Amino acid sequence: MKAKVWRVGMGDLHIMPGSRHRPHMKKPMWIIVLVLFVCFFLICAYIYPPQSSSGCYVFSSRACKGFTDWLPPLPAREYTDDEIAAHVVIRDILKSPPIVSKNSKVAFMFLSPGSLPFERLWDKFFQGHEGKFSVYVHASKTKPVHVSRYFLNRDIHSDQVVWGKISMVDAERRLLANALQDPDNLQFVLLSDSCVPLYNFDYIYNYLMHTNISFVDCFKDPGPHGNGRYSEHMLPEIEVKDFRKGAQWFSMKRQHAVLVMADHLYYSKFRAYCQPGLDGKNCIADEHYLPTFFQMVDPGGIANWSLTHVDWSERKWHPKSYMTQDVTYELLKNITSIDVSVHVTSDEKREVQRWPCSWNGIQKPCYLFARKFTPETLDKLLHLFSNYSTP
């Protein structure tokens, strides 16, 4: 009887009223886990972005860039009153039209402890070009004794300079301030007492006057003698990503010279937090202030190399000094044949950074000046000058 009832029920199921029985289904757990994983991955990628294109998540750098562009931008921090004021001043200086002078001059600014051992060589360099240059001497220790008429009465008020400290930057700014008083000075070259010219005056004058960039040495060094000198006390105005290094010997157009003199915000950070021995670091202000400053305010306006050659091959705290036996026609010609700028990082990788020295889009020799020459090389340099200084 029960079997019959079951057969009737099954046969007439399509006409019998009542609720249907649904089989139990498993939840798609693998889909839920996958969705949670993707969400976690996207959140982590947004919070912890890659530091380089090579480590750009699991995508190629190109794909990663498109992905980061899709994400909402991180909120910009609120600038301080001093930063807002500085940005306004910097913007207006950079937007100002180039100054035109009927008597454009190059300001040669000498940073020296006392007398200039190569004054006779510079006298020969300047002869016949009166009205195209001006000279300024900052002597930090003793009053110079001049032997050239071009240097007479050209000493500026000077103060003590200590290597590695902010006083070196103060001396540079002091020279700029004095040279800026002459409205005809359009280019400003910082030189040491051991610097010599590598070309004749006309070549150097035209090289500087016919370009619209400044030659400020600037490169990124992730090692202990680069970013290892950075202090977090410089935050929020100066971030480690903008911290740069370079030689102090610059050639600067007037617009940038005015910019340096107008800066107080970034200079004050270096004055307070970049000095030897601070927080166990050996920060050298004159090697970092200007490279970092221009990296932040006008990175496209500088050439990233210095026009003054120096030999660091001995890998010491100070560069190689040229003695009399070192000074030959071949040495000077070898220096003037260099047309690629080279920097080496101070980390374990010792990465060599190279880029061509480009002048108005044309690859040219990098250097117009060279150091460090010892005083005893003067006579030999005077003898060779006419030969090696011709382009």
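The values are calculated or read from the model by the stated rules, or taken from the named source; none is laboratory data. This structure is a prediction, so every number in the text was calculated from the model and none was measured. Glycine also receives a Cβ, built like all others from the backbone with ideal geometry; neighbour counts cover every protein chain displayed. Each accessible area value is taken on the protein alone, full model and side chains, heavy atoms only, with ligands, DNA and RNA left out. Shrake-Rupley method; radii C 1.70, N 1.55, O 1.52, S 1.80 Å.
Summed over the residues of segment 81-307 and divided among them, the accessible surface reaches 41 Å² per residue at a probe radius of 1.4 Å. Computed from backbone phi, the HN-Hα couplings of segment 93-106 come to 5, 5, 8, 5, x, x, 6, 10, 10, 6, 9, 5, 10, 9 Hz, rounded to whole numbers (Karplus: 6.51 cos²θ - 1.76 cosθ + 1.60, θ = phi - 60°; Gly and Pro given as x).
Taking label positions 7 Å along the Cα-Cβ direction at both residue 34 and residue 364, the computed distance is 6.2 nm, reported to one decimal.
With only the Cα atoms considered, segment 81-307 has a convex hull volume of 121 Å³ per residue. What's the carbon and sulfur percent of segment 81-307's accessible surface, probe 1.4 angstrom, rounded to a whole number? That share works out to 52 percent.
Given 20 °C and 1.002 mPa s, compute D for segment 287-391 with the Stokes-Einstein relation, Rh being the Kirkwood radius over Cα pairs; round to the nearest whole µm²/s. Let's see the in-between values first.
Numbers: Rh = 15.8 Å.
So the translational diffusion coefficient is about 136 µm²/s.
Heavy-atom surface analysis with a 1.4 Å probe gives segment 329-391 a carbon and sulfur content of 51 percent of its accessible area.
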